[in-house]
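Read the structure below first, then the notes.
Read the figures in this text as sums done on the coordinates, not as results from a lab. What you are looking at is a predicted structure, and each value in this text was computed from that prediction instead of being measured. When we count neighbours, we look across all protein chains shown, and the Cβ atoms used for this are built from the backbone with ideal geometry, even at glycine.
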Amino acid sequence: MDDFIEIRRTATKGYGVFAKKAIPSYTVILQEAPVMTIKATPADPAKREASIEEAFRKLSTKDQEQVLQLHEGSHPNAKTKATRIFYANVFEGGEGTEKLYLTRSRFNHSCVPNAAASGDEECVRTERAIAADEEITISYLPPFEDAMTARQRATILHLHYHFKCHCPACWPPNQSWKSDVRRQLIGFISYALVGQNTPDFRPLNVCQPMSMKWPFWPPRPTPSGRVLTPVQEIEYNFLLGNLRQAEGLPNHLAAEGYLQASRNLMYHQRKYETMSATKDIIFLEAARCIEAWYKKGLELEEKYYSPGHQQIRDGKKAWTTMVSRIPCLEYLRQTTRMKARGEYRPSKNGGDFAVLVNKADGSMTSLSQLETADLIRQRSRPRRG
Ligand SMILES: C[S@@+](CC[C@H](N)C(=O)[O-])C[C@H]1O[C@@H](n2cnc3c(N)ncnc32)[C@H](O)[C@@H]1O
């Protein structure tokens, strides 16, 4: 921890964690064992309170002193300072446990965090490159935060942690409408891609007491019964990449959208290359999209991991194999080289949307989008007589 981070006062959020120097993305900046661990008993607040008090009593005097210096929060039902502190700083520990950490507790929340706490590995890792002196934040919200509006996130933060969020996605208040629209679209699209309707977060628009017994919580997605068309699947994934990037969400999530769009288009492109009506038509425009979305996804993945990370090396290897197997990508390369030598001209009707390949002599005729559509229409027309 001494290498990367230090705890300092912030202007509006009490203490916070700051970068002592520039830190690359995907770096473990804190590895820490919890100071207190209790068994989670969400349905029984009295039992939970008793477990916290018992765990606190068992601590050494030094640890007790350190715990008592943490942010106290303002949980209305906590009976002692120690339990109030526990409620304000608790992390879900996995396998039905709740944990309290001395240093991790100093990370403030952001709805566009630049780091993430991992329960399994007991560590905090950066999710993007962080500049020296920048505040490092994590998210306290449940997994569907990407799909919730600022109002809905505020309700959860208020009811669970009793504070008003001052992160860039929520502050200044009432200016988040663009971000709200993006997050609702992210919700709609990501659930639609797995055949589900977005869970209904609307009850969070009216602040109500939210307890673990509340029937609405946790909200569950329902099956949509709709199957997306191949074009929808491609467009939805591409849009997901765009929206996540615009929303400042971690780069690997945006990368996933672009890479999936590229893979889906490649998959459907291969079908055209075997159908009798289209097998000699090479769709260069599709190849351009496949390549551009792949490059965009890779660029974002490299920002998230580092360029030399195994995930990036594997991705590049898979891409090289694919390029050699997918004719349209190979033809795109060929026509680019030919263009540079002046041996290939786009169609007179404008653009080179596709090329018609003469399989006998390998020559190519460039086709505009309209010419391509006309040719496919002619070939698909049923023959008379
Ligand atoms: C786990 S503590 C984080 C460290 C704390 N700031 C401190 O001084 O120790 C959680 C508390 O920090 C403050 N906080 C965290 N994130 C915040 C945010 N995005 N906006 C406003 N306050 C925040 C709230 O008071 C919250 O109850």
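A few remarks follow.
- The helix-based estimate of mean residue ellipticity at 222 nm for the chain, built from -39,500 (n - 2.57) per DSSP H run of four or more residues and divided by its residue count, is -13000 deg cm²/dmol to the nearest 500.
- Taking the alpha carbon gyration tensor of region 1-69, multiplying each eigenvalue by 5 and rooting it gives semi-axes of 31, 15, 14 Å, largest first.
- Per-pair calculated FRET efficiency, R0 = 35 Å: V181 and E92 via Cβ, rounded to 0.05: 0.70
- Comparing E121, E134, E49 in a Gaussian network model of the chain (Cα springs below 10 Å), the most mobile by mean-square fluctuation is E121.
- Charge-dipole axis of the chain as Lys and Arg at +1 and Asp and Glu at -1 on Cβ define it, positive-most pick from P203, S324, A43: S324
- Radius of gyration over Kirkwood radius for region 217-278, both on Cα atoms: the Rg/Rh ratio is 1.12.
- Over the chain, the ratio between the Cα radius of gyration and 2.2 N^0.38 Å evaluates to 1.28.
- Square roots of five times the Cα gyration tensor eigenvalues for region 230-380, Å: 31, 17, 14
- When the P(r) is computed for region 1-136, the part past 28 Å accounts for 19% of the Cα-Cα pairs.
- Just checking the listed ones, N264, N77, N237: in the Gaussian network model of the chain with Cα springs under 10 Å, the one fluctuating most is N77.
- Here the dipole of region 230-380 is about 380 debye; that uses its Cα centre as origin and unit charges on the Cβ of Lys and Arg (positive) and Asp and Glu (negative).
- Rounded to the nearest 20 debye, dipole of the chain from Cβ charges on Lys, Arg, Asp, Glu: 1200 debye
- Positive-end residue of P307, T365, Y272, charge dipole of region 230-380 with Cβ unit charges: T365
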